[in-house]
Amino acid sequence: MSSDVIPLVVAAAALAAALWTGRRTTCPALTPGRPGAATRSAASREPATPHTVADALVLLALALRSGMGQREALDCVARTCDGAVAGQLRAVSAALRWGRPSEEAWAYAPAVWRSAALAWQVSEVTGAGPAQLVEDASWRLRDREDRRLEAAGLRAGVRLVLPLGAAFLPAFACTSVIPVVLALGQRVLAP
């Protein structure tokens with residue numbers, strides 16, 4: 001084989017393997033935009049959980065305490081976060097950049113961000129810095145989610161006990177109680 005044919009054969013084999021497995025392969029170097037855009041867009045489909053939002057709020061409070069402006073802090077935290085959190089923070093930042101009031105800007109984010117939106121609005125009305133309010137919102141959000149998860153775990157425990165009791169109680173009675181009662185009954189009734 002000539003040296004010109006070898007890269008062509010390798011490329012054809014890679015294309016055939018990609019088509020055969022049914023997967024679309026993307027090369028981040030060939031993806032438009034910045035490097036890693038393909039992986040970030042896949043991660044942005046995952047919803048933001050209350051714990052990831054609480055983590056982002058702590059970072060946002062730290063950025064605000066460092067002296068950044070509100071939009072700068074949102075942009076900085078959006079650059080450090082992944083997935084849906086980054087996209088939602090970018091949407092809020094863009095709305096603020098367009099001159100929207102904070103209430104309307106935070107409406108672009110899902111309901112999990114409501115505590116942050118309220119902190120932002122209180123800060124805007126009172127003129128106080130939002131850093132402490134945002135940090136408090138993160139702790140409230142985390143605490144609320146932990147209590148919700150604990151209650152769900154307790155409900156699951158109760159739901160698990162009922163089928164186990166319904167299955168093991170008859171089995172216990174059939175293997176332990178009934179043979180003992182029959183044996184005692186034979187001895188008592190026997191002459």
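The values are calculated or read from the model by the stated rules, or taken from the named source; none is laboratory data. Since we're looking at a predicted model, the values are computed, not measured. We place every Cβ from the backbone using ideal geometry, glycine too, and count neighbours over all the protein chains shown.
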Inset, instruction - Return a yes/no flag: does the stretch 44-60 have any residue that is modelled with pLDDT under 50 and not assigned by TED's automatic domain parsing to the domain that holds Ser123. - result: yes
Inset, instruction - Output the qualifying pairs, or none if there are none: Cβ atoms under 6 angstrom, residues six or more apart or on different chains, first residue in the stretch 111-132 and within 22 Å of Ala48 (Cβ to Cβ), second residue exposed (fewer than 14 other Cβ atoms within 10 Å of the Cβ) and hydroxyl-bearing (Ser, Thr, Tyr). - result: none
Legend entry - Candidate set from the stretch 121-175 (those that are exposed (fewer than 11 other Cβ atoms within 10 Å of the Cβ) and of a type in the set (S, T, N, Q)); member that is nearest to Leu57 (Cα to Cα): Thr126
Legend entry - Every residue from the stretch 85-110 that is of a type in the set (A, V, I, L, M) and either more than 14 Å from Leu57 (Cα to Cα) or in contact (Cβ under 8 Å) with a residue 40 or more places away in the chain (or both): Ala86, Ala91, Ala94, Ala95, Leu96, Ala105, Ala107
Legend entry - Selection count, the stretch 62-104, where residues are farther than 19 Å from Gln132 by Cα, surrounded by fewer than 18 Cβ atoms within 10 Å (Cβ to Cβ) and over 22 Å from the mean Cα position of the chain (by Cα): 7
